[in-house]
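Reviewing the structure listed below.
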Amino acid sequence: MFGQLINTLKKNPKKIVFTEGTDPRVLEAASRLLAGTFLSPILVGDRDEIFAAAEECAFNIRGAEVINPLEYDRIDEMVDLFCELRKKKGVTPEQAKKTLSQANYFGTMLVKMGEAHALLGGATYSTADTVRPALQLIKTKPGNSIVSSCFILVRPSATGENEVLAMGDCAINIKPTEDELVEIAGETAECAKLFGIDPKVAFLSYSTFGSGEGEDVDKMRNAAEKASAKYPDLPIVGELQFDAAVSPRVARTKCPGNDIAGHANTFIFPDISAGNIGYKIAQRLGNFDAYGPILLGLNAPINDLSRGCNASEVYSMAIVTAALA
Ligand SMILES: CC(C)(COP(=O)(O)OP(=O)(O)OC[C@H]1O[C@@H](n2cnc3c(N)ncnc32)[C@H](O)[C@@H]1OP(=O)(O)O)[C@@H](O)C(=O)NCCC(=O)NCCS
């Protein structure tokens, strides 16, 4: 999977901002990227501190572009643009300057101003602090009503053919509505295709085709129906339980005659609790590697790391993020 993404980037190299320029995991990932030619890191922070941190960990970041928010030569232009983007909130240039001294906002504006194609943050920032500047400044792309997210889960197999799944929305929208679930499904399926998945979408529930009752059952059933109408070419099934979604044997019993049930590879969860717990079970107990959250529906690729990430995950997510640009 990564070989294909790297080849795409080699044809069209990109620049990616890392908001946590002194973090050892970011520095290790940056040193690996600098050894290649397909993705150039921009590290946000104080140059001396960044190079001292790299030296302490023995990572070679020679050639890395470093931008310090406090010494940025286009800061006046950035402040003006920030005030324009946040006009409806009545942000003053003084407030803008203060906000832009924070690496998460500053880095996001570097993408907005075209200094970089993509951004990866969240090694130390929370998801909300990484995502909020993107929601406020990069905004939802035309035609979409929300920003959502998905995870790509990859389980290496002994035969060499990896098992690849997509799950959404496990990280952003806390309690999506029916219509938001439809949008999440469409975006997750599009993202799944980028990772070589031929999406078969399951709207998950504790009920299979009316076996249980409740508000959330109705929500998932209605969302599946609306999604089938909106994306007629996308195989969609729901509402159904996870076992019926993935096991052909269970599907034969619980939803006989449905040829998507039992073969789903793109899973839509009713809310963030189910989604977040679900992907982590796959990761921790199912031996899947989890890439994400990949933000969907934004005007530019910005992604969030888990604070528990390691350097290899930073490197992989940087490639995934830039490949979306
Ligand atoms: C994503 C999240 C941070 C946004 O909430 P928030 O920070 O409270 O943001 P606000 O509600 O103040 O909204 C900030 C802006 O983003 C916009 N926004 C919020 N959610 C959005 C969404 N899903 N899509 C698009 N825009 C959104 C708002 O309209 C608002 O725009 P404005 O400032 O221009 O008016 C919040 O939904 C959240 O915390 N989600 C869960 C994150 C999490 O903990 N994940 C689990 C770990 S991976």
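The values are calculated or read from the model by the stated rules, or taken from the named source; none is laboratory data. Owing to the predicted nature of the structure, the values given are computational and were not obtained by experimental measurement. Here the Cβ positions follow ideal geometry from the backbone for every residue, glycine too, while neighbour counts run over all protein chains shown.
Filtered by the rule that a residue be surrounded by fewer than 17 Cβ atoms within 10 Å (Cβ to Cβ) and within 10 Å of the ligand (Cβ to nearest atom), segment 92-128 gives S126, A128.
Looking only at segment 222-229, decide whether some residue is over 27 Å from K141 (Cα atoms) and either within 16 Å of the ligand (Cβ to nearest atom) or under 24 Å from the mean Cα position of the chain (by Cα) (or both). No, every residue in segment 222-229 fails to be over 27 Å from K141 (Cα atoms) and either within 16 Å of the ligand (Cβ to nearest atom) or under 24 Å from the mean Cα position of the chain (by Cα) (or both).
Residues in segment 171-182 that are within 10 Å of the ligand (Cβ to nearest atom) and surrounded by 24 or more Cβ atoms within 10 Å (Cβ to Cβ): I172, P176.
The rows are residues; the columns are (1) in contact with a Phe, Trp or Tyr (Cβ under 7 Å, 6 or more places away or on another chain); (2) among the polar types (S, T, N, Q); (3) part of a strand (DSSP E or B).
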| residue | (1), (2), (3) |
| --- | --- |
| Q136 | no, yes, no |
| N144 | no, yes, no |
| M167 | yes, no, yes |
| I172 | no, no, no |
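Every test in (1) under 13 Å from the mean Cα position of the chain (by Cα); (2) within 13 Å of the ligand (Cβ to nearest atom) is passed by T188 save one, and that test is (2).
Based on this model, can you work out whether M167 counts as modelled with pLDDT of 95 or more, hydrophobic (A, V, I, L, M, F, W, C), closer than 15 Å to G275 by Cα and touching a helix residue (DSSP H, G or I) at 6+ places or on another chain (Cβ under 7 Å)? Yes; evaluated as a whole, the condition is true for this residue.
Residues considered: A229, A245, A166. Of these, the only one that is closer than 19 Å to Q283 by Cα and either out of contact with any Cys (no Cβ under 7 Å at 6 or more places or on another chain) or surrounded by fewer than 18 Cβ atoms within 10 Å (Cβ to Cβ) (or both) is A245. Please go through segment 120-134 and give me each residue that is touching a residue at least 40 places away in the same chain (Cβ under 8 Å) and either in a loop (DSSP other than H, G, I, E, B) or of a type in the set (D, E, K, R) (or both), ordered by number. Within segment 120-134, G122, A123, T124, Y125, S126 meet the criteria. Looking across segment 51-65 at every residue that is part of a helix (DSSP H, G or I) and either of a type in the set (G, A, S) or in contact with a Lys or Arg (Cβ under 7 Å, 6 or more places away or on another chain) (or both), the one that is surrounded by the most Cβ atoms within 10 Å (Cβ to Cβ) is identified as A54.
Within segment 278-325, the residues that satisfy the criterion of being of a type in the set (S, T, N, Q), within 16 Å of the ligand (Cβ to nearest atom) and out of contact with any strand residue (DSSP E or B) (no Cβ under 6 Å at 6 or more places or on another chain) are N299, S306.
Count of segment 15-30 residues, restricted to those that are among the charged types (D, E, K, R), part of a loop (DSSP other than H, G, I, E, B) and over 9 Å from I50 (Cα atoms), is 1. Taking each residue of segment 102-119 that is under 13 Å from T130 (Cα atoms) and looking for partners that are among the acidic types (D, E) and part of a helix (DSSP H, G or I) with beta-carbon atoms closer than 6 Å, six or more apart or interchain, yields N104/D129.
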